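The values are calculated or read from the model by the stated rules, or taken from the named source; none is laboratory data. In this text, all values refer to a predicted model and were calculated from it rather than measured experimentally. All Cβ positions, glycine included, derive from the backbone under ideal geometry; neighbour counts span all protein chains shown.
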Amino acid sequence: MSKAVLSISGLHASVEGKEILKGVDLQVAQGEIHALMGPNGSGKSTLAYTLMGHPKYMVTGGSVSFDGHDLLPLTADARARLGLFLCFQYPTAIPGVSTVNFLRAALRAQEKEMPAREFLNRLSTEMKELKIDESFRSRYINDGFSGGEKKRMEILQLAMLRPKLAILDETDSGLDVDALRTVADGVMRLCGPDMGVLVITHYPRILEHLHPDRVHVLHDGRVVTSGGADLARQIEREGYEPILGTAAAATA
Amino acid sequence: MTIPLADSPVGTLGQEVAAARADASPAWLAARRRIAWDAYEALPMPSSQRDEDWRRTDISALHPERFTPIDRVDAAVVDAMRVQRDAAAPTAAFVIDAPVAQPIEGADTLHAQGIIVTTLAEAATVHAELVQRAFSSVRADESKFVALWNALWRGGVFVYVPRGVEALVPVWIAHPAGGDGHAVFPSTVVVLDEGAALTVIDAYASASGPAALLSDAMVILSVGRDARLDYNTVQQWGEGVWHVGLQRTVLDANAKLRFMGVTLGARLQKVWWEVLLEGVGSEADILGICFGDGTQHFDHQSLQAHIGPETRSNLLLKVAVRDRARSVYGGMIDVAPTAVHADGYVANRNLLLSQGAKADSIPRLEIRANDVKCGHGATAGHVDADQRFYLMARGVPPEEASALIVRGFMDDVLDRIPHRGFAELAGTLLDAEIAGGSVTGVAAETS
Ligand SMILES: Nc1ncnc2c1ncn2[C@@H]1O[C@H](COP(=O)(O)OP(=O)(O)OP(=O)(O)O)[C@@H](O)[C@H]1O
Ligand SMILES: [Mg+2]
């Protein structure tokens, strides 16, 4: 395994006084694709937000290093500038801020600014790839977007910002079959030696497109088991019961 | 087109000044001025203790009698205002509201169309009937400040667009003020005849800085049958200015008003935005943005008076206040029994950028007709933490994220303004306010 771009060890985090992450250990090597699965409420989104630095999530123990930096003391914007990206499960609407202005501000902040013409060309190309209508450029970010449109807009941002690691939090939920393919193709096009992915999902379908190197299962705030792509298929067939049963037995 | 005006008598606002103003006016106006002055003297100063209308706006520190009527034009302020015109509406005629008439710039196109652009003082003599018609919507003695304006205004700007004429270029009206301890009485009167169309930009400015000035302003807009008026106004007084103003529009049948107010400056402002939808099918879209910081105090009062049947009005005022700035808003939709099928909406949205900033909002409906559609909404809140986090998660630093959100909050309004040049000017001024501490007024070298 090559060098880990993300290394989480013993991560504890709580929200509003309630401990949700209870010692997460997880490593993602440079350029790899990992899947994170687990039942509802197991803490997947909490992990994603905690990694991104949401102020509501309090880290109470453990460490996270990202691309050689200690991630935890940094604010969200600094983490993003290091090359961490989160595709939100529920992207936030910001009325009044157009998609174009938003992307410009983000690129400028990340020192990835480009000349206006090049920017617009690239935006056009990426929007075509993702089958996003041109009119979305001037629309306010996520304002009145359908669920699927929001997800595609997240991938568009990913494509424009080219991070080192993208966390996709249920980006596949709420997408129709064609949209799922478009989004998966988009992610596949972007990932490679320079960009790894941690994909949070409930469904093996997106994994059939992404071919993850590793699959992890989170349960009650801990990674209880990890395996290859087969693990996702097993979960689809048999549910979490058998895995969590053995995991629970192993910890007991 | 300019006419000489009588020399201004020196002295603070008082009987002598008022008498001199009346003496210099045509008979009909002189009579009105005398009634107004008597009313001004008889009426008490509005009090936050006694007057419900002024309950949240305290002007006990304002003493109008200590101010001297301005008698000259501040060239530096005018230059700064002209620069804004050049950028936002280069083709617009530029008219200066001054005690001594100034040359009108770039009005050839309008004059060739038969449009009258002149001082209100001249119009009161030469086009008395038109001015009287406009003045008929404002009683000379209807309030302390309206009476004071009626008694003492001079100069002013008057625009008349004849029947069926659509103005080819906008009119940019500059109301400058300068010096310290001066009173100004900014005056705009616009009359659109049947089927006419016009865009107006009405700008108030003084140099930034603490100079104490009193601005008692009047805007009378009369929009004829089937006429369309696009009226945009920006208030950029310096930090020491008291600004009180009435802006009243009367709409005839099927007339359309698009109103945009940008409020940035002054120490304290209290304005009334009033639209009387008298004619059947008349419509008014009223938008406003206001940004305040330091200890600025803003008070906007709006009235959407539905009088004719099938009338429609919509008002949206967005306010952002920072530091210890305060906003007061009172909005009234009044539907007369004659206004069947009226459709009116009023909304005030407030963004509080500091713990010490405050916004009060009281929209009201008074419905005396059947079969109408009316509503109101008011909100106040802080910058949304999720929106901020979303921007930060894309690398945008926290201060810039907040600035983007504030700008976005306002852009929702600016994006609806038909005159794009004005929208851009408003955006630029707003960015400076958001970024720059508590500086208001124009960047003018005081002379
Ligand atoms: N802001 C919050 N306030 C209170 N509890 C929270 C908050 N955020 C998360 N939780 C709780 O933390 C637990 C984990 O939530 P999280 O959203 O991380 O789960 P998840 O694994 O992403 O679930 P899903 O598959 O449904 O998306 C849940 O019990 C949830 O109710
Ligand atoms: Mg989740």
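Do you know which of the residues in the range A:17-40 that are in a strand (DSSP E or B) and over 19 Å from residue A:191 (Cβ atoms) is farthest from ligand 1 (Cβ to nearest atom)? This residue is A:25. Each residue in the range B:130-155 was checked for being in a loop (DSSP other than H, G, I, E, B) and surrounded by 24 or more Cβ atoms within 10 Å (Cβ to Cβ), and 2 pass. Within this structure, residue A:115 fails the test of being at the interface with chain B (Cβ under 7 Å from one of its Cβ atoms) and out of contact with any Lys or Arg (no Cβ under 9 Å at 6 or more places or on another chain).
Total residues in the range A:189-215 satisfying the condition of being outside any helix (DSSP H, G or I), within 14 Å of the chain's Cα centre (by Cα) and either surrounded by fewer than 17 Cβ atoms within 10 Å (Cβ to Cβ) or within 16 Å of ligand 2 (Cβ to nearest atom) (or both): the figure is 5.
Consider residue A:171 carefully, then state whether it is surrounded by 20 or more Cβ atoms within 10 Å (Cβ to Cβ), within 16 Å of ligand 1 (Cβ to nearest atom), within 21 Å of residue A:125 (Cβ to Cβ) and more than 14 Å from chain B (Cβ to nearest Cβ). Spelling it out, residue A:171 is indeed surrounded by 20 or more Cβ atoms within 10 Å (Cβ to Cβ), within 16 Å of ligand 1 (Cβ to nearest atom), within 21 Å of residue A:125 (Cβ to Cβ) and more than 14 Å from chain B (Cβ to nearest Cβ). Taking the range A:42-89 as the range and being basic (Lys, Arg), within 16 Å of ligand 2 (Cβ to nearest atom) and not in a loop (DSSP other than H, G, I, E, B) as the test, only A:44 passes. Hey, can you tell me all the residues within the range A:84-119 that are surrounded by 15 or more Cβ atoms within 10 Å (Cβ to Cβ) and among the small types (Gly, Ala, Ser)? Matches in the range A:84-119: A:93, A:96, A:98, A:105, A:106, A:109. Of the residues making up the range A:21-41, those that are buried (at least 21 other Cβ atoms within 10 Å of the Cβ) and either aliphatic (A, V, I, L, M) or more than 13 Å from ligand 2 (Cβ to nearest atom) (or both) are A:21, A:24, A:26, A:28, A:32, A:33, A:34, A:35, A:36, A:37.
So, residue B:272, is that one crowded, with 23+ Cβ neighbours inside 10 Å and of a type in the set (Phe, Trp, Tyr) or not? Full working, then the answer.
Numbers: crowded, with 23+ Cβ neighbours inside 10 Å: no; of a type in the set (Phe, Trp, Tyr): yes.
Considered against the rule, which asks whether it is crowded, with 23+ Cβ neighbours inside 10 Å and of a type in the set (Phe, Trp, Tyr), residue B:272 comes out as no.
Please verify whether the range A:102-118 includes one or more residues that are of a type in the set (Lys, Arg), within 18 Å of residue B:394 (Cα to Cα), in a helix (DSSP H, G or I) and out of contact with any strand residue (DSSP E or B) (no Cβ under 8 Å at 6 or more places or on another chain). Break it down stepwise before answering.
Residues of the range A:102-118 of a type in the set (Lys, Arg): A:104, A:108, A:112, A:117.
So of that shortlist, the ones also within 18 Å of residue B:394 (Cα to Cα) come out as A:104, A:108, A:112.
Checking the rest, the ones that are also in a helix (DSSP H, G or I) come to A:104, A:108.
Checking which are out of contact with any strand residue (DSSP E or B) (no Cβ under 8 Å at 6 or more places or on another chain) leaves us with A:104, A:108.
Yes, that holds for at least one residue.
Annotation note: Cβ proximity below 6 Å between a residue of the range A:41-58 that is near ligand 1 (Cβ under 6 Å from one of its atoms) and a residue that is modelled with pLDDT of 95 or more and of a type in the set (D, E, K, R) (sequence gap 6+ or interchain) occurs for A:45/A:169.
Please tell me if residue A:233 is closer than 19 Å to residue A:174 by Cα, without any contact (Cβ under 8 Å) to a residue 40 or more places away in the chain and more than 16 Å from ligand 2 (Cβ to nearest atom). It is false that residue A:233 is closer than 19 Å to residue A:174 by Cα, without any contact (Cβ under 8 Å) to a residue 40 or more places away in the chain and more than 16 Å from ligand 2 (Cβ to nearest atom).
Out of the residues in the range A:64-88 meeting the condition of being aliphatic (A, V, I, L, M) and free of Cβ contacts under 8 Å to residues at least 60 places away in the same chain, tell me which one is nearest to the other protein chains (Cβ to nearest Cβ). Talk me through it step by step, then tell me what you get.
Looking only at the range A:64-88, we keep the residues that are aliphatic (A, V, I, L, M), and these are A:64, A:71-72, A:74, A:76, A:78, A:80, A:82, A:84, A:86.
From what's left, free of Cβ contacts under 8 Å to residues at least 60 places away in the same chain: A:64, A:71-72, A:74, A:76, A:78.
Working: A:64: 16, A:71: 13, A:72: 16, A:74: 11, A:76: 4, A:78: 8 Å.
Top of the filtered list is A:76.
Being at pLDDT 95 or above and buried (at least 17 other Cβ atoms within 10 Å of the Cβ) is the requirement here; does residue B:87 meet it? No, not satisfied.
Here residue A:143 clears all of (1) within 16 Å of ligand 1 (Cβ to nearest atom); (2) surrounded by fewer than 21 Cβ atoms within 10 Å (Cβ to Cβ); (3) of a type in the set (D, E, K, R) except the condition numbered (1). On the stretch given as the range A:135-174, residues that are outside any helix (DSSP H, G or I) and among the basic types (Lys, Arg) total 3.
Determine if the range B:320-330 includes at least one residue that is within 13 Å of residue B:247 (Cβ to Cβ) and within 20 Å of the chain's Cα centre (by Cα). No; the residues of the range B:320-330 include none that is within 13 Å of residue B:247 (Cβ to Cβ) and within 20 Å of the chain's Cα centre (by Cα).
Take residue A:39 and decide whether it is more than 10 Å from chain B (Cβ to nearest Cβ), touching a strand residue (DSSP E or B) at 6+ places or on another chain (Cβ under 7 Å) and of a type outside the set (A, V, I, L, M, F, W, C). Talk me through it step by step, then tell me what you get.
Values: more than 10 Å from chain B (Cβ to nearest Cβ): yes; touching a strand residue (DSSP E or B) at 6+ places or on another chain (Cβ under 7 Å): yes; of a type outside the set (A, V, I, L, M, F, W, C): yes.
So residue A:39 passes the test.
Before we move on, is residue B:199 polar (S, T, N, Q), under 28 Å from residue B:424 (Cβ atoms) and crowded, with 24+ Cβ neighbours inside 10 Å? Answer is no for this residue. Against the list (1) away from chain B (no Cβ under 14 Å); (2) surrounded by 19 or more Cβ atoms within 10 Å (Cβ to Cβ); (3) in contact (Cβ under 8 Å) with a residue 60 or more places away in the chain; (4) more than 15 Å from ligand 1 (Cβ to nearest atom), the condition residue A:186 fails is (3).
The residues of the range B:118-129 that are surrounded by fewer than 22 Cβ atoms within 10 Å (Cβ to Cβ) and not charged (D, E, K, R), listed by number, are B:125, B:126, B:127, B:128.
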